[in-house]
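The next block holds one structure in the form of structure tokens; read it before the comments.
The values are calculated or read from the model by the stated rules, or taken from the named source; none is laboratory data. Bear in mind the structure is a predicted one, so any value in this text is a computation, not a measurement. Here the Cβ positions follow ideal geometry from the backbone for every residue, glycine too, while neighbour counts run over all protein chains shown. For accessibility, only protein heavy atoms count, side chains too; no ligands or nucleic acids. Shrake-Rupley method; radii C 1.70, N 1.55, O 1.52, S 1.80 Å.
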Amino acid sequence: MTEKKNKSMIQRRLIPTYIFLIIVSFLSVFPFYWMISAATNESIDVARGKIVPGSYALQNFQNLIQNNNLWGAMGNSFLYAVVQTVLALLICSLAGFGFELYHDKGKDIVFTVLLLAMMIPQVATMIPLFRMLSTLKLLNSVWGFILPSISTPFLIMMFRQNSRNFPIDTMEAARIDGLNEFQIFYRMYMPMMKATYAAAAVITFMNAWNAYLWPRVILTNPDAQTMPMLIANLASGYTTDYGLLMMGVLFCSVPTMIVFFVLQKQFAEGITGAVK
Amino acid sequence: MNNKKRMTLLQKQSAAGWGFLIPGTILIAITAFWPMIQAFIMSLQTGSSANMTWSEPIFNNYIRMFQDKLFLRSVGNTFLYLIIQVPIMLILAILLAQLLNNRDLKFKGLFRTCVFLPCAISLVSYSLIFKSLFATEGLINTILVNIGIFQENYNFLGNAASAKAVIIIALIWRWTGYNMVFYLAGLQNIEYSVYEAAKIDGANGWKTFWGITVPLLKPTIIMTFIMSINGTLQLYDESVNLTNGGPANATITMSHYIYNNSLGQGVANFGYATAMSFFVFIVVGILALINMKVGDTRD
């Protein structure tokens with residue numbers, strides 16, 4: 001009885017907290033709602049302030065695909081993001097594995113030097129990289145897109161840090177059983193590090209899908225463009241068709257939102273990454 | 001004999017380790033360190049992409065930079081965003097993490113998902129959404145006119161001060177949940193009993209926040225600070241898509257200006273652009289260093 005009373009008192013004291021959290025949650029979610037509702041309304045209604053969903057979605061969609069290569073951009077974005085994710089996970093997990101489980105003085109020094117690359121801003125490397133890749137004839141290609149992001153200090157650090165839980169004794173046992181070092185990596189390390197791979201995959205996919213500055217530098221051909229580039233172009237004209245624009249934004253956001261809702265835990269782990 | 005064989009085995013293993021880490025290491029060297037060296041060399045040169053010659057005097061691009069009013073304005077804008085947005089966002093993020101860390105709170109998961117949701121959208125997408133919401137004929141104007149705060153629609157993005165405010169609001173919206181995730185992870189490492197003890201001692205919410213949460217989260221706070229500085233100094237997507245640097249370059253950021261000078265508007269001013277980007281690099285480094293030094297003082 002008293003406990004029940006106590007509990008309701010605690011909840012009553014939390015009322016200001018609830019109110020604050022409801023307001024913040026509403027402000028966080030509302031732009032998403034507005035995006036969806038605007039995508040279903042005619043531009044003129046959106047401008048008039050209509051916020052309930054309308055019946056103009058199909059028309060907006062048709063207008064969108066009429067003058068824009070929507071499926072091409074979606075396909076490009078998927079291709080780039082998937083290739084980047086697969087390669088980045090492979091290269092960075094190999095490196096993290098090597099740095100942590102074979103570590104010695106030399107490797108630790110190399111690792112420290114690599115961390116310095118985290119401080120290098122993208123704008124500083126983009127011009128030399130652009131020149132390098134244009135000499136290599138890699139502009140407008142998936143390789144040009146992914147090359148600077150295959151190996152990142154962040155992902156290497158994440159795998160290195162999480163490898164601390166990997167039992168070194170079993171490596172010794174595996175060697176006695178006749179496994180070579182690479183077999184230890186893909187037969188033992190990879191299955192055991194599934195959670196880290198999942199988190200790394202989510203964060204890499206999101207980053208690749210959402211990239212904008214580098215694609216703008218490297219993908220000069222309209223046929224090679226990505227979704228963020230396509231929707232940015234929708235808004236660059238003198239007048240904006242809000243219904244059409246938000247339909248484009250919706251298409252650009254749906255894949256990452258699905259990833260977010262299905263793999264939210266992994267996404268959060270991917271963000272905090274190496275911080276343990 | 002046996003000992004010798006063991007040594008070679010260890011050496012073999014060490015070599016395998018090197019083999020694992022070399023692809024990633026070489027890639028970082030090629031795509032980060034080598035371009036950085038090239039950027040510095042290029043920053044001492046002049047001319048367009050194909051034929052570049054040494055500047056006269058050699059640091060000419062750097063001298064020019066500090067006389068370029070537009071560049072100085074882009075530096076000012078970027079620092080304005082940094083100084084106003086980052087503290088508000090981080091304090092809000094810590095506060096939300098603290099509130100969501102309460103064991104008695106219901107619907108915790110739902111609130112967390114809502115606050116975290118803005119991270120699910122690309123920077124270009126949310127920039128375009130905010131651009132539309134704050135347009136002269138946008139929803140925010142409609143609401144403000146209807147409830148009588150404004151007499152007529154106001155051109156938020158057409159006025160320097162309000163356009164900057166919109167960028168700051170948008171940034172806070174997009175990144176608060178992101179930083180909150182770090183703090184929530186950090187708070188999980190703090191024993192809940194510490195809070196219970198504080199409660200018994202009669203400390204109120206405000207006191208526990210400044211007395212327990214903030215000091216214990218200090219390493220996390222420093223890290224998020226460094227990351228936010230790094231991110232803000234490289235702002236690009238928002239400047240391009242929300243305001244396009246306007247009105248009249250009033251909201252342009254450093255990265256946006258560098259892009260316009262190199263690959264954006266047909267002026268391949270690579271030497272000058274790399275000099276400016278080297279400046280960004282140095283500022284990022286200095287601020288991160290200060291941050292770590294400040295965070296290191298244990299008292």
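Assuming a ≥ b ≥ c are the square roots of the Cα gyration tensor eigenvalues, decide whether the stretch B:68-296 counts as rounded (a/c under 1.5), prolate (otherwise, with a/b larger than b/c) or oblate. Here the stretch B:68-296 falls in the oblate category. Would you list which aspartates and glutamates come within 20 Å of A:Lys137, measuring only between C-alpha atoms, while excluding same-chain residues fewer than 8 positions from it? Here the aspartates and glutamates satisfying the reach criterion relative to A:Lys137 are A:Asp223. Surface analysis of the stretch A:1-159 yields an accessible area of 49 Å² per residue, using protein heavy atoms and a 1.4 Å probe.
For the protein assembly as shown, the share of alpha carbon pairs falling in successive 20 Å distance bins from zero is 18, 51, 27, 4, 0 percent. Taking all protein chains in place and a 1.4 Å probe, what share, in percent, of the accessible surface of the protein assembly as shown do carbon and sulfur account for? Ligands and nucleic acids excluded, carbon and sulfur reach 64 percent.
Over what distance in Å are the Cα centres of the stretch B:88-155 and the stretch A:133-175 separated? One Cα centre to the other: 35 Å. The modelled label-to-label distance between A:Asn67 and B:Ile282, using points 7 Å beyond Cα along the C-beta direction, is 4.6 nm. Heavy-atom accessible surface of chain B, averaged per residue, reaches 47 Å², computed with a 1.4 Å probe. Quick check: convex hull of the Cα atoms in the stretch B:3-99, volume per residue, rounded to a whole Å³? Roughly 243 Å³ of hull volume per residue. Highest GNM mean-square fluctuation among A:Tyr18, A:Tyr212, A:Tyr189, for chain A modelled with Cα contacts below 10 Å: A:Tyr18.
Inter-chain Cβ neighbour count for B:65-77, averaged per residue, equals 0 (cutoff 10 Å, partner chain atoms only).
Which of the three applies to the stretch A:1-148, rounded, prolate or oblate, going by the alpha-carbon gyration tensor with a ≥ b ≥ c and a/c under 1.5 meaning rounded?
Oblate shape, in that a/c is at least 1.5 and b/c is the bigger or equal ratio.
Is there a quick way to get the dipole size of the protein assembly as shown? I mean about its Cα centre, with the Cβ of Lys and Arg at +1 and of Asp and Glu at -1; what is the value in debye to the nearest 20?
Dipole about the Cα centre, nearest 20: 1140 debye.
For B:Lys207, the lysines whose Cα falls under 22 Å of its own Cα, not counting residues fewer than eight places away in the same chain, are B:Lys199, B:Lys218. Between A:Ser43, A:Ser163, A:Ser236, the residue with the greatest mean-square fluctuation in the GNM of chain A (Cα pairs under 10 Å linked by springs) is A:Ser236. Compute the Cα gyration tensor for the stretch A:2-62, then decide on rounded, prolate or oblate, letting a ≥ b ≥ c be the square roots of its eigenvalues: rounded whenever a/c is under 1.5, prolate when a/b is larger than b/c in the other cases, and oblate in all that remain. Here the stretch A:2-62 falls in the prolate category. Comparing A:Ile22, B:Leu171, B:Ala97 along the charge dipole axis of the protein assembly as shown, the residue lying farthest to the positive side is B:Ala97, per the Cβ-charge model. Over chain A, DSSP H runs of length four or greater, each weighted -39,500 (n - 2.57), average out per residue to a 222 nm ellipticity of -23000 deg cm²/dmol.
Among A:Gly106, A:Gly75, A:Gly98, the largest mean-square fluctuation in a Gaussian network model of chain A, built with springs joining Cα atoms closer than 10 Å, belongs to A:Gly106.
With a threshold of 24 Å on the Cα-Cα distance, the over-threshold entries among A:Lys50/B:Lys108; B:Lys106/B:Lys131; A:Lys105/B:Lys12; A:Lys265/B:Lys108; A:Lys105/A:Lys194 are A:Lys50/B:Lys108; B:Lys106/B:Lys131; A:Lys105/A:Lys194. Only protein heavy atoms count here, probed at 1.4 Å, and on that basis chains B and A bury about 7500 Å² of accessible area in total. About the centre of its Cα atoms, chain A shows a dipole size close to 780 debye [charges on the beta carbon of Lys, Arg (+1) and Asp, Glu (-1) only; nearest 20 debye]. For the stretch A:67-272, the direction-averaged projected area of the alpha-carbon convex hull comes to 14.0 nm². Of all segments of chain B bounded by GluC sites (Glu not before Pro) found in a DSSP loop with no more than 13 other C-beta atoms within 10 Å, the longest spans B:1-151. Contact residues in the stretch B:108-125 by the 20 Å² criterion (accessible area, 1.4 Å probe, full protein complex versus chain alone): B:Phe111, B:Thr113, B:Cys114, B:Val115, B:Phe116, B:Leu117, B:Cys119, B:Ala120, B:Ile121, B:Ser122, B:Val124, B:Ser125.
Think of chain A as having a plus end and a minus end, set by charges on the Cβ of Lys, Arg, Asp and Glu; of A:Ile51, A:Ser77, A:Met192, A:Ile51 sits farthest toward the positive end of this dipole.
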